[in-house]
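Asker: Encoded as structure tokens, here's the structure I'll be asking about.
The values are calculated or read from the model by the stated rules, or taken from the named source; none is laboratory data. Keep in mind that this is a model prediction, so the values were computed, not measured. Here the Cβ is made from the backbone with ideal geometry for all residues, glycine too, and neighbour counts use every protein chain on show. For the accessible areas, the whole protein counts, side chains as well, though only heavy atoms, and no ligand, DNA or RNA atoms are used. Shrake-Rupley method; radii C 1.70, N 1.55, O 1.52, S 1.80 Å.
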Amino acid sequence: MDRRTWLTATTVGTLSAFSGCLSELADRNSSSGNGSAGSEWPEIAVETEVREGEFTGTIRFEGAVKQQPTDETPPQITLEMRNDGNELYEGEIPYPYPWRSYGGTRTNDDATIHFIPDDTEKLSADPDEEQPDEWIPEAPTDGCWMAKTETRPVWPDVGYPTIELQPGEQQTGTFTVLSSPTNEKCFPRGTYAFSDERLTTDHPVDAELELTLQIRVSDPE
């Protein structure tokens with residue numbers, strides 16, 4: 001099992017290349033409180049995992065916090081998928097890479113946070129909700145970095161694109177993290193689970209790559 005927890009605070013635009021630059025930290029206990037708009041900004045942590053199987057030790061799925069929330073900037077994370085094996089990996093990878101489930105639910109209730117990828121060209125709002133295709137606010141709302149739509153953005157209902165990862169090659173994406181406007185409080189503290197991704201591969205044939213992602217929101221120590 002390849003499980004990693006990353007917590008990295010940097011200023012905007014100062015994220016170094018992933019290789020050798022992410023800091024692995026020990027797990028911390030998350031607060032179960034709700035937080036509030038008037039409280040100190042929380043800390044965001046990322047936990048990623050490649051489930052045990054054919055890709056153990058071959059495909060790496062790693063995350064880091066690019067920036068913590070401040071009055072001027074929303075929190076952002078970066079996710080990377082890398083081929084550490086000796087053979088070509090060919091499979092269906094979500095776009096924007098390497099993740100496509102943009103809503104996470106707190107493990108003990110229905111509080112939610114949204115991911116907004118940097119590349120929003122292919123995203124759309126749920127047409128049944130009559131919500132605009134607008135994603136990242138320019139400033140906090142009532143002291144909260146809040147998503148502009150109640151429902152998370154969705155990706156077009158088409159097949160995943162197939163890409164190749166040569167040995168040593170990687171795909172990286174940056175995502176803004178926002179509190180859902182349906183939450184009673186801003187960034188309710190706790191652990192948010194994002195749906196598993198089972199990715200069909202063409203090489204190896206008939207294999208499945210399963211990635212999991214969790215975001216922890218906690219009060220700063």
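Asker: Rounded to the nearest 0.05, what FRET efficiency do Ala139 and Leu88 give with R0 = 41 Å and r taken as the Cβ-Cβ distance? Could you check? Show your work: numbers first, answer last.
Answerer: Details: r = 45 Å, r/R0 = 1.10.
Once rounded, the FRET efficiency stands at 0.35.
Asker: Could you work out the local net charge near Thr182, counting Lys and Arg as +1, Asp and Glu as -1, over the other residues with Cβ closer than 9 Å to its Cβ?
Answerer: Values: positive: none; negative: Asp110, Glu150, Glu184.
Once positives and negatives cancel, what remains is -3.
Asker: Continuing with this model, one more query. Accessible area per residue of region 43-218 at 1.4 Å probe, in Å²? Display every interim value, and only then the final one.
Answerer: Details: 7640 Å² over 176 residues.
Here the residues of region 43-218 average 43 Å² of exposed surface.
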